[in-house]
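Here, each number is a calculation from the coordinates, and none is a lab measurement. Please read all numbers here as calculations on a predicted model, not as lab measurements. A quick note on method: Cβ atoms are made from the backbone with ideal geometry, for glycine too, and the neighbour counts reach across all protein chains shown.
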Amino acid sequence: MIRRLALILALAFIAVTGAVTQTQAQQGALEPGWLLDPDASNLRFQSIKKEVVSESSDFATFTGEIFPNGKAEVRVALESVDTKIDLRNVRMRFLFFETFKFPEAVVLAEVTPAMLSELETNRRATFDMPFSLDLHGVKKTLVAEVVATLLSDDRISVATARPVAISVEEFGMMENLGKLEDAAKVDIVPSATVTFDFLFDRRGSNGTPLSGGREGAVDATNAALEDEGDFSTEACEGRFEILSRTGNIYFASGSSRLSGESEPLLKELLDITSRCPGIEVEVAGHTDSVGKASDNQRLSERRAQSVADYLIENGIAPERLTAKGYGEEKPVASNDTAEGKGKNRRIEFLPRTN
């Protein structure tokens, strides 16, 4: 009886040791890590407007890595959204993604030993890969059907076998979608599908470094497609119109003191105003209809002046700015609902060419 028990334990030990050794060998295939090749990769999303019109857009800047322990990470610079039309890109950045608050999306996944085993055996494998997506301050777990192809011992392709559906509502972006629809004057389906084709190189091969990122890689949290320098008059006018729709300048109730939450958008406003030197800007304040009209008039004037003062304090010439309050005179929505009142309490930026 004792001999039989010892034999069983020995066999069990051998089986477990063999499994551990196999797992370690498979994980060793990931040494010393794999780095995404952004120039040879693509990341796209497809949206539907007017119920039947499909549009495809790209992200120009993203980074990624598969670590030796199997963890994988991709970071997407949302400012690099590319619809192939400048002002449409600006709408996507400011109105939909709100990149001044949420500059990047982060994808996390894990390469398992089972995936590695199938890939090493067949050189090509299709499997379901759970991943987490951190977008607009919300984290969700989704599943992508991916095709992995071992192109060589040092290069691997990971691509979607079918598009991955992303719900706008699940990531708390329905209000943002509404702003985008108002600006573009079209109805947009509240979901999108994402496809990708990522190529990874083993670190130390194909010119990849053993540590750090690729030489000359752009910081994924600070990337944009637009050129540096001054904007054209058309680009300036379009940007001020889009800034007026963001609704991301905040004041305490009944106050003209700028809230700290306003800082991200105010910095963008300052940058755009600085890059439109030939443009004078009227900062227009508006309120809802709650309270006395005379009080609302004064409040709108003070709030407009607070925004103008911010720009002046940060280097914009005073003669380029005019602060004007309109009180409750120019509503853009009904004051009978909380949503409508929120839209009516706003700061607009009205450009005028010198």
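Rounded to 0.05, the FRET efficiency of the residue 227 and residue 122 pair, given R0 = 35 Å and the Cβ-Cβ distance, is 0.15. Could you compute the FRET efficiency for residue 141 and residue 49, with r as their C-beta to C-beta distance and R0 at 25 Å, rounded to 0.05? Once the sixth-power term is evaluated, E becomes 0.30.
Taking a straight line from the alpha carbon of residue 343, these aspartates and glutamates sit under 18 Å away, with near neighbours fewer than eight places off in the same chain left out: 98, 175, 181, 182, 241, 261, 288, 301, 328, 329.
How long is the gain from residue 181 to residue 69 if the chain were fully straight, where each residue apart is worth 0.36 nm and the alpha carbon distance is subtracted?
Working: separation 112, 0.36 × 112 = 40.32 nm, distance 4.34 nm.
Between residue 181 and residue 69, full extension yields 36.0 nm more.
Straight-line cross-link reach from residue 49 at under 23 Å between alpha-carbon atoms covers these lysines, not counting any fewer than eight positions away in the same chain: 84, 179, 185. Working from Cα pairs under 8 Å separated by at least six residues, relative contact order for the chain is 15 percent. Of the labelled options (i) 1.35; (ii) 1.00; (iii) 1.30, which one gives Cα Rg over 2.2 N^0.38 Å as computed for this structure? Answer label, from the structure shown: (iii). For the range 310-324, the residues whose backbone nitrogen is under 15 Å from a point 7 Å from the Cα of residue 352, taken along Cα to Cβ, are 318-324. For residue 251, the residues 5 or more places off, or on other chains, whose built amide H falls under 5 Å of its own are 259.
A simple spin-label model places pseudo-atoms 7 Å from Cα toward Cβ; at residue 86 and residue 250 they are separated by 3.2 nm.
In units of the compact-protein estimate 2.2 N^0.38 Å, the range 233-353 shows a Cα radius of gyration of 1.01.
If you place +1 on the Cβ of every Lys and Arg, -1 on the Cβ of every Asp and Glu, and leave all else neutral, what size is the dipole of the chain about its Cα centre, to the nearest 20 Debye?
On the way: 40 positive and 55 negative charges, 184 e Å.
Roughly 880 debye, rounded to the nearest 20.
Of all beta bridges that DSSP places with both ends in the chain, some 95 percent have antiparallel geometry.
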